[in-house]
1. May I ask for the distance between the Cα centers of the stretch 1-57 and the stretch 59-102, given as a whole number of Å?
2. Select from the stretch 1-94 those trypsin sites (Lys or Arg not before Pro) which occupy a DSSP coil region and have at most 13 other Cβ atoms within 10 Å, ordered by residue number.
3. Relative contact order for the stretch 51-120: what percent, with Cα pairs under 8 Å and sequence separation of 6 or more?
4. Please identify the GluC sites (Glu not before Pro) of the stretch 3-98 that satisfy two criteria: DSSP loop assignment and at most 16 other Cβ atoms within 10 Å. Which are they?
5. As a quick test, which of the pairs Lys45/Lys79; Lys47/Lys95; Lys47/Lys106; Lys37/Lys79 have an alpha carbon distance above 31 angstrom in this structure?
6. Just to be sure I understand the model, the point goes 7 Å from the Cα along the line to the Cβ. What's the resulting Arg92 to Glu72 distance in nm?
7. Can you give me the relative contact order of the chain as a percent, contacts being Cα pairs under 8 Å and 6 or more apart?
8. Answer with a single label: of [x] 106; [y] 214; [z] 91, which was calculated as volume of the Cα convex hull per residue in Å³ from the structure in view?
Amino acid sequence: MTDSQSNVVMKACSHRGHLKPENDFIGVKGQILKTCKDCRDAVNKSKSEKKNKKPPDGMKYCTYGYHYAEIELFEKDNKTCNPCLKKMNEDRDLKISLAKKNNQKKKVRDIVEIVVKLKN
């Protein structure tokens, strides 16, 4: 979509849905992003403000879930609380098991292709 007055190519931001010039969607390294620069800056600012804010008494900031949790839920000097650590490990294990299944399927497909080629 182009702006009728300035002939600038406009693009919809996936974060809020507003239209911005296409050059607002170019990242620092030159990659094309889905969100505009204003939305990225606002999200980063709110994350940094939340991270730098002094936590309530008896609470500590969890860097995985971006929330405050009770100090007892943290082990030693960890920056991630135990419930989030558990979820993080479950997610990792799930990704690993899915990758293993995909590798097995690929090996079976390769074997089937070889057998088909040998028959022909």
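Please treat every number below as a calculation from the coordinates, not as lab data. Here the structure is a predicted model, which is why all the values come from computation and not from measurement. Cβ placement follows ideal geometry from the backbone for every residue including glycine, while neighbour counts extend to all protein chains displayed.
1. 28
2. Details: sites: Lys11, Arg16, Lys29, Lys34, Lys37, Arg40, Lys45, Lys47, Lys50, Lys51, Lys53, Lys60, Lys76, Lys79, Lys86, Lys87, Arg92; in loops: Arg16, Lys29, Lys34, Lys53, Lys76, Lys79.
Taking the stretch 1-94 and a limit of 13 other Cβ atoms within 10 Å, the loop trypsin sites (Lys or Arg not before Pro) found are Arg16, Lys29, Lys34, Lys53, Lys76, Lys79.
3. The value is 17 percent.
4. Glu75
5. Lys47/Lys106
6. A separation of 2.6 nm, rounded to one decimal place.
7. Numbers: 89 pairs, mean separation 11.9, N = 120.
Relative contact order, the chain: 10 percent.
8. Among [x] 106; [y] 214; [z] 91, the one calculated here is [y].
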